[in-house]
Amino acid sequence: MSFQNPVFIPGPTNIPEAIRKACDMPTLDHRSAAFGKLFRPAVAGVRRVLGMEGGEVIILPSTGTGGWEAAITNTLSPGDRVLAARFGMFSHRWIDLCQRHGLEVEIIETPWGQGAPVAAIEAALKADTAGRIKAVLATHNETATGVRSDIAGIRRAMDAAGHGAMLFVDGVSSIGSMPFDMAGWGVDIAVAGSQKGFMLPAGLAILGVSDKALAAMEGARLPRTFFDFRDMLRSYAGGGYPYTPAVGLIAGLAKSIEMLEEEGLEAVYARHARLAEGVRRAVAAWGMRPCAASADLYSETVTAVVVPPGCNGTDLVKLAAEKYGVAFGVGLGEVAGKVFRIGHLGMLTDVMVLGGLATAEMCMADLGWGVRLGSGVAAAAEFYRGSAVPMAMAAE
Ligand SMILES: *Cc1c(COP(=O)(O)O)cnc(C)c1O
């Protein structure tokens, strides 16, 4: 017997059957015309999902972390200054990566549960009259705390400061699940990964790179070989890769975009917003709250649930895995033990989320957290019932 419960971690996400099949293909020569036929629609699709105008899409055999590394090594030089706010594990890891590459990171320490501080970013840019800051790094959706930052607001702050820095955005856990407007927000590099909103196995870093970032590439002196955009772009011109691409994953990516666009990107975003709202209603019914400090910061892809005093979120995650075979996310870094995380992105329906909420409740009851079985499920079910998009309509 093989048990196949959905996962409720904020990546990797559940893989639709159609995508699994698309990835499973015989060996194909990546230097043949057949590869170009597979690759070009995937690239064109990524452009639409990111909302790009101009620039280039780069797809690397890597993960989101490799995407960060590629973004900075292709555009910056040792000693360059970048501006970043730290408000969760992922914004922290990006800062750490920059420091290990010899960049000078101007860090705005921000309480976990808050988003990127737009006013402080504007002030830091205004204070930088010498124009030393080369890039602003922003984590769109901080997966550790379930916080969405206002990227349009950061762009407005940069414009208000009249600062010419590039804007690099980590959209690993938002792209494909939450609205993303690379051109509208003036994003210079957007980083995504295959295993979250794109519903694929891990293995691809997916980047949108603006013309401005491409221009910075020529003068950038940080070392890179595997991740060098210049080699990639030269090979792309011939429909290929400088090395062996992850062909199956690229086939899966084309399928993923086909599925997202069949549902309609707006409908995909609306589905994520509904699923998230149902989860938050369950959390409220449990007498708990999201880690995100206010409603404008709520992520539509992951909710970090603050557990009651004396309870440990990691206990729930362990029990759910061991007793019920269901995966939730543990708290990371500063919020380890203080939260557990419910991922609600990718291939998920109301019915699947209700199963996850029921599992969380069983664990809470087992752990003696004083939560009444069915309380959160009822609140979510009431919301889903009242706002359901009939499947017959969704399929049209
Ligand atoms: C998952 C995630 C990453 C890391 O991606 P990997 O694919 O695990 O390297 C980076 N940033 C955010 C916001 C994420 O959610």
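The values are calculated or read from the model by the stated rules, or taken from the named source; none is laboratory data. Values in this document were obtained by computation on a predicted structure and should not be read as measured data. Quick reminder, even Gly has a Cβ in these numbers, built from the backbone with ideal geometry, and neighbours come from all protein chains shown.
Miscellaneous remarks
- Where LEU50 falls short, out of the listed (1) closer than 30 Å to GLY239 by Cα; (2) away from the ligand (no atom under 16 Å from the Cβ); (3) touching a residue at least 40 places away in the same chain (Cβ under 8 Å): (2)
- Some residue of the range 79-92 being assigned to a loop (DSSP other than H, G, I, E, B), within 16 Å of the ligand (Cβ to nearest atom) and assigned by TED's automatic domain parsing to the domain that holds VAL46: yes
- Subset of the range 336-378 [under 14 Å from THR314 (Cβ atoms), surrounded by fewer than 22 Cβ atoms within 10 Å (Cβ to Cβ) and not small (Gly, Ala, Ser)]: LYS338, LEU367, TRP369
Every residue, every condition in (1) of a type in the set (Val, Ile, Thr); (2) surrounded by fewer than 24 Cβ atoms within 10 Å (Cβ to Cβ), yes or no:
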{"site": "ASP128", "(1), (2)": "no, yes"}
{"site": "THR139", "(1), (2)": "yes, no"}
{"site": "VAL147", "(1), (2)": "yes, no"}
{"site": "ALA160", "(1), (2)": "no, yes"}
{"site": "PHE180", "(1), (2)": "no, no"}
{"site": "VAL187", "(1), (2)": "yes, no"}
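- The number of residues in the range 313-357 being in contact with a helix residue (DSSP H, G or I) (Cβ under 8 Å, 6 or more places away or on another chain), more than 27 Å from GLN114 (Cβ to Cβ) and not in a loop (DSSP other than H, G, I, E, B) comes to 6.
- Residue within the range 242-251 that is within 13 Å of the ligand (Cβ to nearest atom) and surrounded by 21 or more Cβ atoms within 10 Å (Cβ to Cβ) present: yes
- Taking each residue of the range 293-315 that is outside the structural domain of VAL118 (by TED's automatic domain parsing) and looking for partners that are of a type in the set (Ser, Thr, Tyr) and not in a loop (DSSP other than H, G, I, E, B) with beta-carbon atoms closer than 8 Å, six or more apart or interchain, yields GLU300/TYR269.
- The condition of being under 30 Å from SER32 (Cα atoms), within 22 Å of the chain's Cα centre (by Cα) and surrounded by fewer than 22 Cβ atoms within 10 Å (Cβ to Cβ) holds for only one of GLU261, GLU277, that being GLU261.
- When the range 191-233 is filtered for residues that are within 16 Å of the ligand (Cβ to nearest atom) and either in a loop (DSSP other than H, G, I, E, B) or modelled with pLDDT under 95 (or both), the ones remaining, listed by number, are SER194, GLN195, LYS196, GLY197, PHE198, MET199, LEU200, PRO201, ALA202, GLY203, PHE226, PHE227.
- The residue that is farthest from LEU207 (Cα to Cα), counting only those in the range 17-68 that are in a helix (DSSP H, G or I), among the small types (Gly, Ala, Ser) and touching a helix residue (DSSP H, G or I) at 6+ places or on another chain (Cβ under 8 Å), is ALA18.
- Verdict on ASP181 being acidic (Asp, Glu), more than 16 Å from the ligand (Cβ to nearest atom) and assigned to a helix (DSSP H, G or I): no
- Scan the range 174-220 for residues that are under 17 Å from MET158 (Cα atoms) and in contact with a strand residue (DSSP E or B) (Cβ under 9 Å, 6 or more places away or on another chain) and the total you get is 10.
- Total residues in the range 123-153, condition within 13 Å of the ligand (Cβ to nearest atom), assigned to a loop (DSSP other than H, G, I, E, B) and touching a helix residue (DSSP H, G or I) at 6+ places or on another chain (Cβ under 7 Å): 4
- Test for ASP159: is it farther than 28 Å from PRO12 by Cβ, out of contact with any Ser or Thr (no Cβ under 9 Å at 6 or more places or on another chain) and either within 11 Å of the ligand (Cβ to nearest atom) or of a type outside the set (Gly, Ala, Ser) (or both): yes
- No other residue among ALA71, ALA120 is away from the ligand (no atom under 16 Å from the Cβ), in a helix (DSSP H, G or I) and at pLDDT 95 or above apart from ALA120.
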